[in-house]
Structures are given as structure tokens and as C-alpha cells.
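K.L.:
Input: one structure, supplied below.
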Amino acid sequence: MATILSGAAVANARSEALSARVTKLKKSGIVPTLAIIRLGERPEDLAYERGACKRCEQIGIAVQKFLLPQDAAQDAVLSAVEAINRDHTIHSALLFQPFPAHIGGDAVIAALNPAKDADGLTNDSKSHVFSGHGIGFPPCTAQACMEILHHYGYDVTGKRAVVIGRSMIIGRPVAMLLLQENATVTICHTKTEDLPALCRDADILIAAAGRANMVDSSYVSAHQVVFDVGINVGVDGKLVGDVDFAQVEPRVAAMTPVPGGVGAVTSTVLAAHVVEAAEGMA
Ligand code: NAD
């Protein structure tokens, strides 16, 4: 049986320390503030927004929402970004993606002040993640995986890490964060040959493919720590990860559950980025 790596435990420990930092900021007249830009009402965006707002409220962070219709014009989205850039009382921004097809997402992201980029979207943030230097933050979910590793005392130095998924928001950045901590990292994707064999060889396996239950017992081995980043809606409407919990849990050393694993830490990392940005602008 695996040790279950609870995201809630990590999030709660992190939140306490953040609340203390927010209290200090407020004493000097600064209310850390997150702006959210959301187009339309996609259920997954609303679910993430609820979690983020709840966590921010608990820590003492204010949230300002810029809500636009799904068919909003590009200029309206750019105006919202520019308003956020101009407003010195807003320290950080979360832009829900992907944007609708008629919006040039790259232009919107390029317009955001990188110092206010809470979720690692801008080129400056990406450069920071890949080089380890400069302005910006890693995407919250990628960093959440690292925070779970740190909280539970795993040292990845010299370990073999396999990441399933090469997106710019999870797969690649989490691979770079693992590399910065001296893991030996393999990034896998839809064209990878014999994926189960590669995965079985890993000490740390990160599943971020967005394919419900794809990681079954043929992907894992007994010494492994498995991170299930996937959030998929099952046929019964319930959330399921990329890892088949029933098959994998008896066969690995430790794993994160879905729900209650990586996703539970992501909103706390977002809050941490807002606090850090506010401290940086104080
Ligand atoms: P994406 O679709 O952009 O990327 C998925 C990646 O997985 C691609 O690089 C693709 O090559 C790879 N992939 C897909 N199917 C594969 C297969 N069968 N074999 C090997 N590789 C495969 O998705 P994303 O934005 O990176 O998100 C990945 C998952 O993480 C989704 O389920 C998403 O909902 C979830 N997610 C979780 C959080 C969180 O807080 N836990 C946050 C954001 C996204």
C-alpha cells in the first residue's frame, strides 16, 4: 500500500506561513491583491476560480475579477490586461486559458506586465523557469508538484524522474524544476515509444497527460513516488486523475490522490505568488 501524499496537508502548512506574511504587509498598508481575467463560464474555470478565491480569502488576499463574455473582443481583453498593469493596488493576475479561438492569446499574454504574471504565462516567466534566473514565477501546478516533494522530504538529487506530458503549463516546466534540483529527467509524450517501460524505470513519475486512468499497473514499480496531475471528468461526472488509483496504489511507495493531491496545492502556490509579488512591489 502506498503512502498517500495529501495535498491538503501541504496547502495548510503553506497557508499558515503566508497568512503571517499578509498580516505584515497589511500593517504597512498593502493589501495583496490578485486579479482574475475570465472569458465565459467554463465549468473547469469556475471550479478552479472557486478554489483560488477560497484560498485567497483564507490567507487575506483580495481578489478583483475582470469577467468578460465568451465572445468578448480582443480589445476588451487587452483593456482588462492594461487596467491590471496600470493599477498599483493589483499585484498579480491569473488569466484563464485557453482563450476562445477568436482571441490572439499570445498578444494578450505579451501585454501582461511579467512582474504580475502569477501563473508563468509570459515569456519572461518561461525564461525564468528554463534558466533559473530573471523575473516571474513557474506555473502554479508545476511548482505544486515540487512543494509536495519538499513537504514530504523527498530529495530528487540523482533520481530518475519521468514526466508524461510536454505542455508549456505543466510537463515542460515541472521537468525544468526537477532538473534544477538535480534529477535526471525524461519528458514523454504521445510519440514516445514503449512508455510503460520508461515509466517503470522512474523513481519519480509525474502523470500530466489529461487521459483518465491511463497510468495502470504496467507503468509503475514498487519503489516509485507517483504524482497524478490529471484532472478529468469521469462518465459519472466525478473527477478522475491520469492514474488508475485502484491498480497503482497497491504497487507504489507513495502517490498523490485525485482529488486532494496536486490540485489542492495549486491554489496555495497561486496565493504564494501574489504575496511574493506584493512584497516585491512594497
Ligand atoms: P495538454 O493537453 O496541454 O498536454 C497534455 C500532454 O500530454 C501533451 O504534451 C501530450 O503529448 C501528452 N499526452 C497526452 N496523451 C498522452 C498519451 N496517451 N501518452 C503520452 N503522452 C500523452 O494538457 P495540460 O494543460 O498539460 O494538462 C494536463 C492535465 O493536467 C489535464 O488533465 C489537466 O486538466 C490537468 N491540470 C491539472 C491542474 C492541477 O492543478 N492539478 C492544473 C492544470 C491542469
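Each value in this text was obtained by applying a stated rule to the coordinates, not by laboratory testing. In this text the structure is predicted, and so the values were computed from the model without any measurement. Neighbour counts are summed over all protein chains in view; Cβ atoms, including those assigned to glycine, are modelled from backbone coordinates with ideal geometry.
K.L.:
Quick check on the chain: helices-only [θ] at 222 nm, where DSSP H runs of length 4 and up contribute -39,500 (n - 2.57) each and the sum goes over total residues. Nearest 500, please.
P.N.:
-13000 deg cm²/dmol
K.L.:
Between ILE4 and SER79, what is the spin-label point distance in nm, taking each point 7 Å from the Cα along the Cα→C-beta axis?
P.N.:
Taking the two extended label points, one gets 4.9 nm.
K.L.:
Given a 10 angstrom Cα cut-off, can you work out which residue in HIS151, HIS88, HIS189 is the most mobile in a GNM of the chain?
P.N.:
Taking springs between Cα atoms under 10 Å, the residue moving most is HIS88.
K.L.:
Give me the percent of Cα-Cα pairs in region 1-85 that sit more than 22 Å apart, rounded to a whole number.
P.N.:
It works out to 45 percent of all Cα pairs.
K.L.:
No solvent, one uniform scatterer per C-alpha: report log10 I(q)/I(0) for region 43-200 via the Debye equation at q = 0.17 1/Å, two decimals.
P.N.:
-1.13
K.L.:
Treating the angle as unsigned and between 0 and 90°, give the value, to the nearest 10°, between the Cα long axis of helix 43-59 and the longest Cα principal axis of the chain.
P.N.:
It works out to around 70 degrees.
K.L.:
Ranking CYS53, CYS140, CYS199 by Cβ neighbours within 10 Å, fewest first, what do you get? Let's see the in-between values first.
P.N.:
Numbers: CYS53 16, CYS140 27, CYS199 24.
Least crowded to most crowded, the residues run CYS53, CYS199, CYS140.
K.L.:
Here is a follow-up. With a 10 Å radius around each residue's Cβ, average the other Cβ atoms per peptide and rank 153-160, 141-148, highest first. Please list the in-between numbers first.
P.N.:
Working: 153-160: 13.5, 141-148: 25.2.
Top of the packing list down: 141-148, 153-160.
K.L.:
Can you tell me the FRET efficiency between LYS65 and THR190 if r is taken as the Cβ-Cβ distance and R0 is 35 Å, rounded to the nearest 0.05?
P.N.:
Numbers: r = 35 Å, r/R0 = 1.01.
Using R0 = 35 Å, I get an efficiency of 0.50.
K.L.:
Can you sort GLU279, GLU193, GLU44, GLU249 from fewest to most other Cβ atoms within 10 Å of each residue's own Cβ?
P.N.:
With the sparsest Cβ surroundings first, the list reads GLU193, GLU44, GLU279, GLU249.
K.L.:
If the cut-off is a Cα-Cα distance under 30 Å, which lysines reach LYS27, setting aside same-chain residues fewer than 8 apart in sequence?
P.N.:
LYS54, LYS65, LYS116
K.L.:
Hey, another quick one. Can you tell which of ALA111, ALA212, ALA73 shows the greatest fluctuation in a Gaussian network model of the chain with Cα springs below 10 Å?
P.N.:
Judging by the Gaussian network model, the answer is ALA73.
K.L.:
In whole Å, what is the distance between the alpha-carbon centres of region 40-95 and region 181-197?
P.N.:
Computed from Cα coordinates, the inter-centre distance equals 34 Å.
K.L.:
With axes computed from alpha carbons, what is the tilt in degrees of helix 262-281 against the longest principal axis of the chain, rounded to the nearest 10 within 0 to 90?
P.N.:
40 degrees
K.L.:
Let me ask something additional. Along each principal axis of its Cα atoms, how long is the chain end to end? Whole angstroms, biggest number first, please.
P.N.:
52, 43, 38
K.L.:
Would you mind ranking LEU67, LEU95, LEU198 so that the residue whose beta carbon has the fewest other beta carbons within 10 Å leads the list? If you can, show how the numbers build up before the last one.
P.N.:
Working: LEU67 13, LEU95 24, LEU198 17.
Fewest-to-most ranking of LEU67, LEU95, LEU198: LEU67, LEU198, LEU95.
K.L.:
Working from the alpha-carbon coordinates of region 154-282, get Rg over Rh, Rh being the Kirkwood radius.
P.N.:
Checking Rg against Rh, the ratio lands at 1.00.
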